[in-house]
Amino acid sequence: MLLMFEEQSSRSHNMKMMHTYEDEVKWLQHYASFHEILLVGDGDFSFSLCLAKAFGSASNIIATSLDPYDAVISKYKNAKLNLQMLNMLGAIVLHGVDATRMMFHTDLRMRKFDRIIFNFPHAGFHGKEDHPPVIKKHRDLVFGFFRNACRILRAGGEVHVNHKTTPPFCHWNLEELAFKNSLLLINLVDFRIADYPGYNNKRGDGSRCDHPFPLGEASTYKFIFSTAITRMGEASPSTSIYQNIQHEPTSLNPQFASRPSDITSGNHILPIQASIRNDCYRTFDWYFDHAVNTFGRTDYDVADYVREGLRRGHDRYMFEHPGRPTSDYIIVLEELRHLSVLRSVYLRSLLLRQFDHH
């Protein structure tokens with residue numbers, strides 16, 4: 001009887017702990033309070049503040065602008081208040097950050113991020129938007145951003161670009177620019193400004209810099225770093241990579257699940273997940289399968305199980321990639337750690353639902 005009481009007390013305590021954890025994780029669209037987030041070229045900083053308010057904290061956010069502080073508050077009437085609120089919520093705010101050189105920035109070069117976001121990148125107004133030289137200026141900006149972002153992106157992280165998809169903006173061809181920097185487009189989702197309460201898009205340049213620009217049709221482009229692209233070299237993103245990349249299992253967090261309409265681009269379907277995550281799933285498939293098959297059972301030594309999973313993963317990785325440095329395996333381990341965080345969130349919510357049903 002005493003043992004039963006202790007088990008019930010332990011279960012009650014664990015449930016309270018899980019409820020507390022679930023209450024602490026906040027989501028807004030593609031972003032969670034446990035993501036380390038970098039905002040690039042954030043205008044009047046209203047997008048960063050929107051996320052911070054949704055999370056109840058900005059301790060996981062670094063928000064940047066190309067302009068110095070004085071220029072920002074001069075250009076945007078709400079910027080000063082937005083920045084004050086971000087500081088109160090714990091954000092790190094950096095000014096004078098060039099998106100094409102940010103990997104060298106003192107406060108960024110030693111950090112890694114789960115999400116790097118660039119909303120509606122624009123190189124300024126230098127003529128008609130459909131003129132080839134103007135398009136080239138914009139493409140150069142985005143190319144430089146991708147080149148830097150992939151170097152401060154955490155294994156398993158994503159680079160997001162919100163961008164207008166009608167001509168002439170579609171001619172920037174973000175997918176090609178990303179591909180040349182070993183970034184693979186994994187998802188294309190409609191962007192709706194109403195999904196981000198308080199966000200105000202800004203022209204950012206000229207006499208009307210504080211005015212919004214018409215969004216029209218726009219999408220969130222999601223990219224991940226791809227070792228497969230790196231191995232392919234200079235191949236085009238329209239070639240065999242979409243046929244050769246293996247699809248990984250459905251994402252562990254239900255908020256990542258994609259609808260068919262979310263993954264359609266033009267006349268082809270994008271892979272839901274790919275790249276380095278495939279290396280991780282293939283290397284540690286025994287680990288993931290075992291976790292699913294034994295979920296909820298108590299007759300396993302977790303420590304031995306984890307050690308065995310890592311040993312098998314190392315043996316398989318070294319067998320499949322002979323001659324590659326051990327540092328490459330460490331990257332896959334980092335991805336495993338990141339996926340484990342996502343799995344913990346999902347399993348906790350699953351367990352709570354099971355208890356609710358009983």
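The numbers here are math on the coordinates, done by the rules we state, and not lab data. Everything quoted here is computed from the prediction, not taken from an experiment. Every residue, glycine as well, gets a Cβ built from its backbone with ideal geometry; the counts of neighbours run over all protein chains shown.
Out of all DSSP beta bridges with both ends in the stretch 18-139, state the antiparallel percent to the nearest 5.
Numbers: 2 of 13 bridges.
Expressed as a percentage, antiparallel bridges in the stretch 18-139 total about 15.
Give me the net charge of LYS202's neighbourhood, meaning all other residues with Cβ under 15 Å from the Cβ of LYS202; Lys, Arg count +1, Asp, Glu -1.
Working: positive: LYS75, LYS77, LYS80, LYS164, ARG203, ARG208; negative: ASP42, ASP44, ASP67, ASP205, ASP210.
Net charge in that neighbourhood comes out at +1.
Pull up the DSSP beta bridges for the stretch 28-225 and report the antiparallel fraction as a percent, rounded to 5. Spell out each step's value before the answer.
Numbers: 14 of 31 bridges.
The answer is about 45 percent antiparallel.
Where Lys and Arg each count +1 and Asp and Glu each count -1, what net charge lies around PHE104 among other residues with Cβ under 13 Å from its Cβ? The partial results should precede the final answer.
On the way: positive: ARG101, ARG109, ARG111, ARG147, ARG151; negative: ASP98, ASP107.
That works out to +3.
Determine, for each peptide in 105-111, 216-222, the mean count of other beta carbons within 10 angstrom over its residues, then list the peptides with the highest first. The partial results should precede the final answer.
On the way: 105-111: 12.9, 216-222: 18.0.
Descending mean neighbour count gives 216-222, 105-111.
Under 15 Å from the Cβ of HIS131, count the other residues' Cβ atoms, weight Lys and Arg +1, Asp and Glu -1, and hand me the total.
On the way: positive: LYS128, LYS136, LYS137, ARG139; negative: GLU129, ASP130, ASP140.
Here the count lands on +1.
With the radius of gyration and the Kirkwood radius both derived from the Cα set of the stretch 28-225, what is their ratio Rg to Rh? Before the final figure, lay out the partial values.
Values: Rg = 15.5 Å, Rh = 16.8 Å.
Expressed as Rg/Rh, it is 0.93.
So, by mean Cβ neighbours within 10 angstrom, what's the order for 154-167, 122-135, 176-189 with the highest one leading? All intermediate terms of the calculation are to be shown ahead of the outcome.
Numbers: 154-167: 20.4, 122-135: 13.2, 176-189: 22.0.
Result, highest mean first: 176-189, 154-167, 122-135.
In nm, to one decimal, how far is the modelled label at ASP107 from the one at ALA194, with both set 7 Å along Cα→Cβ?
In this crude spin-label approximation the distance works out to 3.6 nm.
Identify all lysines with a Cα-Cα distance to LYS53 below 21 Å; exclude those on the same chain that are fewer than 8 residues away in sequence.
Candidates past the 8-residue exclusion: LYS26, LYS77, LYS80, LYS202.
Under the 0.36 nm per residue contour assumption, what length would be gained going from the current alpha-carbon distance of LEU215 and LYS137 to full extension? Intermediate values should be presented prior to the final figure.
Values: separation 78, 0.36 × 78 = 28.08 nm, distance 2.01 nm.
Working it through step by step, the gained length comes to 26.1 nm.
Could you give the length gained on full extension between GLU176 and GLN84, defined as 0.36 nm per residue of separation minus the Cα-Cα distance, in nm?
The GLU176-GLN84 span can extend by a further 29.3 nm.
Just subtract the alpha-carbon distance of ARG316 and GLU334 from 0.36 nm times their residue separation and send over the number in nm, one decimal. Don't skip to the end; give the middle numbers.
Numbers: separation 18, 0.36 × 18 = 6.48 nm, distance 1.65 nm.
Roughly 4.8 nm would be gained on extension.
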